[in-house]
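**Q** Pasting in a structure now, in structure tokens, and then I'll have a few things to ask.
The values are calculated or read from the model by the stated rules, or taken from the named source; none is laboratory data. Every value quoted in this text rests on a predicted model; they were computed, and no experiment measured them. Cβ placement follows ideal geometry from the backbone for every residue including glycine, while neighbour counts extend to all protein chains displayed. Quick note on the areas: whole protein, heavy atoms, side chains included, nothing else; ligands and nucleic acids left out. Shrake-Rupley method; radii C 1.70, N 1.55, O 1.52, S 1.80 Å.
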Amino acid sequence: MNESHDYDCLIIGGGLAGLTCGLACLEAGLSCAVVSSGMSALHFSSGSIDLLGYNADRTLATSPVDALPGFIEKNPDHPYARCGAETIMEAMAFFGRELEAQSAPMYANGRENHFHITAMGTLKPTFLSPASVFTREIRAAFEKRPAIAILDVKGFRDFHPGLAAANLRKNKLFADCPITCGEIELPGQTPAAGGARDMRSVDVARILDATTNLEAVAGAITAAAGRADIVALPAFLGLNRYQEILAGLRRATGRLIYEIPTLPPSILGMRLDQALKSRFAALGGVFIARDTVDAGRIEDNQVISVHTTGQKDDIRAACYVLASGSFFSKGLVSRYDRMFEPVFDCRLDTPPDGRSLSGAAFLSPESHAFIRAGVITDGQLNPQTADGRTIANLFCAGAVLAGYNPVIEGCGGGVAIATGYAAAKAIRARLHPPQPTATAGPQ
Ligand SMILES: Cc1cc2nc3c(=O)[nH]c(=O)nc-3n(C[C@H](O)[C@H](O)[C@H](O)COP(=O)(O)OP(=O)(O)OC[C@H]3O[C@@H](n4cnc5c(N)ncnc54)[C@H](O)[C@@H]3O)c2cc1C
């Protein structure tokens, strides 16, 4: 680190992109801090990482690894095109290793997508899933056409086993599986007045984290599951003790218990967030939470420092990463008259006019124009100022970027990880350019 800088790299935004970038910087020996104002999109996501669910022609992508080169060729302005297929796969492998090191492994089906069951009982293609949602063992168990019990906890508001079961039965893969539904009560749970469903996933997770009577929970599951070999529960089996809780319940019930991603707040996403932040801290990263970068000072096409709402002094770094997310996280702002990026006022790709932002159908398969809006970058992920100057030591990553549609393409998590990792690679190359190898003198 240079004496005039506080850090080699300062990252604005501690979501999936910012944390992946931070981990890659730290692993490369760079000092790194993250400033993050609020909860990231992980708290609302399924907790699975979509790399590429659909090809450019909207057909299902069986193997994202094989599909990526063609996809990039057809979408030259896509963030994946800024990274290249090789770096994207490097990034996914890196991400997997970092989570392994934090004892929070994710399941990957080699080069191919796998399908996880949604709270609606539909199947969704994805590339990485938490081990409580999908593993080789769960896949093998499903292949035997087992009896499945979909269970819920009394008073939980965000899951309807009957709906999930009805949709699952329509799928030919599950046509031969007897599927039953049931409900359990947690030990010490006081039933809500009038049978109200007033608990969210975090409430159930907290009760389970605190329970000293896992045997009673296991007993309730065994009774409700009947003859089922597999028990599916909404993803609420604890936040801090989830591995112990899941293993304990599997052991005590003799059933293969697994979790179905639920509506937000997402326990699976929160566990991922927790694992990434713990890993970041373990590697020596500085995480400044609940603070907002509200301005950046740019001189001679370089960011010199940033100002935050919570700190007296500006923060100075050699390089900066804008990983502040999309409209959802206020990394982009939309007003009646314009859209803008609030920290550096970077140049955006936006829909041509306000009218194109609205469409007749809310749930149109064409999606909405605002989703592709974002910061335009060059091949190094460097953005431009509003008047068109490239900012050489600022890199952009994740949902703040223009040129992709995570919903239609099934690539939200993948873009965050790939561009976060690619930004770290570019920073490392900028701060420590490869030295020319000493050439031997004439023989
Ligand atoms: C509801 C929802 C569900 C999703 N489900 C999935 C899924 O199942 N699978 C999948 O692969 N993808 C999913 N995605 C997409 C994927 O989760 C996101 O694209 C990805 O997590 C974005 O990560 P990010 O780090 O770029 O941004 P974010 O997660 O949005 O993080 C940005 C962070 O920056 C902070 N921030 C913003 N401005 C500032 C500032 N000025 N100063 C300091 N901090 C700032 C924000 O508070 C936030 O914490 C989902 C997205 C949403 C919104």
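**Q** Going by the conditions given, is Ser356 open to solvent by less than 50 Å² (accessible area, probe 1.4 Å), at pLDDT below 95 and in a loop (DSSP other than H, G, I, E, B)?
**A** no
**Q** Is it fair to say Ala318 is open to solvent by less than 40 Å² (accessible area, probe 1.4 Å), more than 13 Å from the ligand (Cβ to nearest atom), farther than 28 Å from Met39 by Cβ and among the small types (Gly, Ala, Ser)?
**A** yes
**Q** Say we look at segment 297-312 and pick out the residues that are without any contact (Cβ under 8 Å) to a residue 60 or more places away in the chain and part of a strand (DSSP E or B); which of these is most open to solvent (accessible area, probe 1.4 Å)?
**A** Looking at the filtered set, the residue picked out is Arg297.
**Q** Output the residues belonging to segment 18-51 that are within 15 Å of Ala422 (Cβ to Cβ), open to solvent by 10 Å² or more (accessible area, probe 1.4 Å) and either near the ligand (Cβ under 6 Å from one of its atoms) or among the β-branched types (Val, Ile, Thr) (or both).
**A** none
**Q** A further question follows. Quick check, is Arg241 touching a Pro at 6+ places or on another chain (Cβ under 7 Å) and open to solvent by 40 Å² or more (accessible area, probe 1.4 Å)?
**A** Numbers: touching a Pro at 6+ places or on another chain (Cβ under 7 Å): no; open to solvent by 40 Å² or more (accessible area, probe 1.4 Å): yes.
In short, no.
**Q** Could we say that Ile408 is part of a helix (DSSP H, G or I) and modelled with pLDDT under 95 here?
**A** Answer is yes for this residue.
**Q** Being hydroxyl-bearing (Ser, Thr, Tyr), farther than 29 Å from Phe280 by Cα and surrounded by fewer than 19 Cβ atoms within 10 Å (Cβ to Cβ) is the requirement here; does Thr122 meet it?
**A** On the way: hydroxyl-bearing (Ser, Thr, Tyr): yes; farther than 29 Å from Phe280 by Cα: yes; surrounded by fewer than 19 Cβ atoms within 10 Å (Cβ to Cβ): yes.
Here the answer is yes, as Thr122 does meet what is asked.
**Q** Something else about it: Quick one: which residue in Ser278, Ser329 is under 17 Å from Gly14 (Cα atoms), within 10 Å of the ligand (Cβ to nearest atom) and touching a residue at least 12 places away in the same chain (Cβ under 8 Å)?
**A** From the options Ser278, Ser329, the qualifying one is Ser329.
To keep it simple, each residue is scored yes or no on (1) crowded, with 19+ Cβ neighbours inside 10 Å; (2) away from the ligand (no atom under 16 Å from the Cβ); (3) in contact (Cβ under 8 Å) with a residue 60 or more places away in the chain; (4) assigned to a loop (DSSP other than H, G, I, E, B).
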position	(1), (2), (3), (4)
Leu10	yes, no, yes, no
Leu68	yes, no, no, no
Arg82	yes, no, yes, no
Met92	yes, no, yes, no
Arg97	no, yes, no, no
Glu100	no, yes, no, no
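A quick yes/no check of all residues on (1) in a helix (DSSP H, G or I); (2) within 15 Å of the ligand (Cβ to nearest atom); (3) open to solvent by less than 60 Å² (accessible area, probe 1.4 Å); (4) without any contact (Cβ under 8 Å) to a residue 40 or more places away in the chain:
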position	(1), (2), (3), (4)
Phe362	no, no, no, yes
Phe370	yes, yes, no, no
Gly379	no, no, yes, no
Gly388	no, no, yes, no
Gly414	yes, yes, yes, no
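**Q** Restricting to segment 115-134, name every residue that is on the phi > 0 side of the Ramachandran plot and within 13 Å of the ligand (Cβ to nearest atom).
**A** Those that are on the phi > 0 side of the Ramachandran plot and within 13 Å of the ligand (Cβ to nearest atom): none in segment 115-134.
**Q** Shifting gears a bit: Return only the number of the condition from (1) among the aliphatic types (A, V, I, L, M); (2) open to solvent by 20 Å² or more (accessible area, probe 1.4 Å); (3) away from the ligand (no atom under 16 Å from the Cβ); (4) touching a residue at least 60 places away in the same chain (Cβ under 8 Å) that Ile427 does not satisfy.
**A** All conditions pass for Ile427, except number (2).
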